[in-house]
1. What number of residues within region 83-104 are surrounded by fewer than 20 Cβ atoms within 10 Å (Cβ to Cβ), part of a loop (DSSP other than H, G, I, E, B) and either in contact (Cβ under 8 Å) with a residue 24 or more places away in the chain or not assigned by TED's automatic domain parsing to the domain that holds H144 (or both)?
2. Given the conditions (1) of a type in the set (V, I, T); (2) surrounded by fewer than 20 Cβ atoms within 10 Å (Cβ to Cβ); (3) touching a residue at least 60 places away in the same chain (Cβ under 8 Å), which single one is not true for V173?
3. Looking only at region 209-263, how many residues end up being in contact (Cβ under 8 Å) with a residue 60 or more places away in the chain, among the charged types (D, E, K, R) and in the same structural domain as T156 (by TED's automatic domain parsing)?
4. Let me spell it out: the conditions are (1) in contact with a Gly (Cβ under 7 Å, 6 or more places away or on another chain); (2) surrounded by 13 or more Cβ atoms within 10 Å (Cβ to Cβ), and S263 meets all of them except one. Which number is the exception?
5. Taking the conditions exactly as written (in the same structural domain as P91 (by TED's automatic domain parsing), farther than 19 Å from G92 by Cα, in contact (Cβ under 8 Å) with a residue 60 or more places away in the chain and surrounded by fewer than 19 Cβ atoms within 10 Å (Cβ to Cβ)), does G132 satisfy them or not?
6. Count, please, the residues in region 143-155 that happen to be part of a loop (DSSP other than H, G, I, E, B) and within 20 Å of G206 (Cα to Cα).
7. For region 278-307, which positions are exposed (fewer than 12 other Cβ atoms within 10 Å of the Cβ) and over 21 Å from A234 (Cβ atoms)?
8. Looking at G157 and the list (1) of a type in the set (G, A, S); (2) surrounded by fewer than 22 Cβ atoms within 10 Å (Cβ to Cβ); (3) over 19 Å from L25 (Cα atoms), which single condition is not satisfied?
Amino acid sequence: MPKTMTPPQGVHFLERGWLSSNNILLVDRDQAVLIDTGYFSHAHQTLDLVKHHLNGRPLTAIINTHLHSDHCGGNAFLQAAFTNVTTWIPPGHAPFVRQWDALALGYVGTGQHCPPFISHNSLRVGHEFLIGDHTWQFFAAPGHDPHSFILFSPDTGICITADALWENGFGVVFPEIEGEEGFADVSASLDLIESLQPSVIFPGHGSPFTDVAGALTRARSRLTRFIEKPESHALYAAKVLVKFKLLELQRIERSAFSNWAISATHLEKLHHSYPRGLSFENWFEFICNDLVRSKAAEIAGDYFLNA
């Protein structure tokens, strides 16, 4: 938590890493709402963190800002632990959750895993809820994901931005991987966050921060680079997907890693945007070697290792 900001009573920011998104737990006498649940392989840890703050009380609701696996991968595990919990998700993906379509939800494309879970309600733009003495409002914030939401509490000045704004940027713009426009939505979401005039940001990854103006400036600078050179965004996206898998596995045999890459269809799409005419196998090797050069990965014999 920033030194200049003490969290209001009943607001708990649970900082995680980059494999699991941060979790925000909001509690009062009658309610306990968890915003985002992290990646599936961290579900036990997420449950332990939540139980520690609930001190024997039940979790009443889960809210997912969007349905990327690092934000909702713990849903199923928490639903099993708290059988009466109600889960709220963005409406755009609700039909695919009901029928559980891993391809439409993006988990095949990213080569990631999310255990099937149940959704009970859909988030609505303009909807708000009261917990304790604080009102929380929902806003659509597409760009990183076309169905993503942010939450803002005018009483506290806290904006929960998920991956729409980090202290040093924002998340991969997934519509651009699919060949659809996404950069304009990123810009509009940054404008929305600025218009709310938050005093503190609770990002999806990284620590809370109060220099909102500085973060917006850095995010807009990055966005400008991506717009001017879309291939730089494609390269960034590819490295993020590969690094994420290394974070999950920590260690994987190189041929098995190549087989995983072939199954992650977003990587195939990103390969097509690379201008140098490399085969997919050589392009993937280039991505891995670039991570090694930046000290984000290591090679040990026939294995790639997270670093």
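1. 1
2. (2)
3. Qualifying residue count for the region: 0.
4. (2)
5. Answer is yes for this residue.
6. 4
7. Matches in region 278-307: K295, A300, G301, D302.
8. (3)
The values are calculated or read from the model by the stated rules, or taken from the named source; none is laboratory data. The model shown is predicted, which means the values in this text are computed figures rather than measured ones. A quick note on method: Cβ atoms are made from the backbone with ideal geometry, for glycine too, and the neighbour counts reach across all protein chains shown.
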